[in-house]
Amino acid sequence: MSDVALERRAGAEVAPKPIASARELLPFVLFAGLVLMLFIYFVGAEEGATSLIGGSSVHEFVHDARHLLGFPCH
């Protein structure tokens, strides 16, 4: 059995501590934003005149995702 007792005072509420500060989360948020931007580029614009990678391999790889997200491709 535990011998630890918790005291609660009337009217004294304790605010929860944040897991991490905004400064600590900033690199992860920026990285996630960059990955999402690259994903949207490859799904939405990687074909034709704006293509960075030659051929149609990227287009075929993300073909179903294009239709799922509503991008026209043919």
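The values are calculated or read from the model by the stated rules, or taken from the named source; none is laboratory data. Remember, predicted model here, so these are calculated numbers, not experimental data. Here the Cβ is made from the backbone with ideal geometry for all residues, glycine too, and neighbour counts use every protein chain on show. Protein only, heavy atoms only, side chains kept; ligands, DNA and RNA dropped before computing areas. Shrake-Rupley method; radii C 1.70, N 1.55, O 1.52, S 1.80 Å.
Any residue at all in segment 55-74 that is modelled with pLDDT of 70 or more, charged (D, E, K, R) and open to solvent by less than 100 Å² (accessible area, probe 1.4 Å)? Yes, the conditions are met somewhere in segment 55-74. Candidates Leu52, Leu36: the one that is open to solvent by 80 Å² or more (accessible area, probe 1.4 Å) and either in contact with a Cys (Cβ under 6 Å, 6 or more places away or on another chain) or modelled with pLDDT of 85 or more (or both) is Leu36.
Annotation note: Cβ proximity below 8 Å between a residue of segment 30-45 that is under 16 Å from Leu68 (Cβ atoms) and part of a helix (DSSP H, G or I) and a residue that is open to solvent by less than 100 Å² (accessible area, probe 1.4 Å) and among the hydrophobic types (A, V, I, L, M, F, W, C) (sequence gap 6+ or interchain) occurs for Phe42/Val58; Phe42/Val62; Val43/Val62; Val43/Ala65; Val43/Leu69; Val43/Phe71; Gly44/Leu69; Gly44/Phe71.
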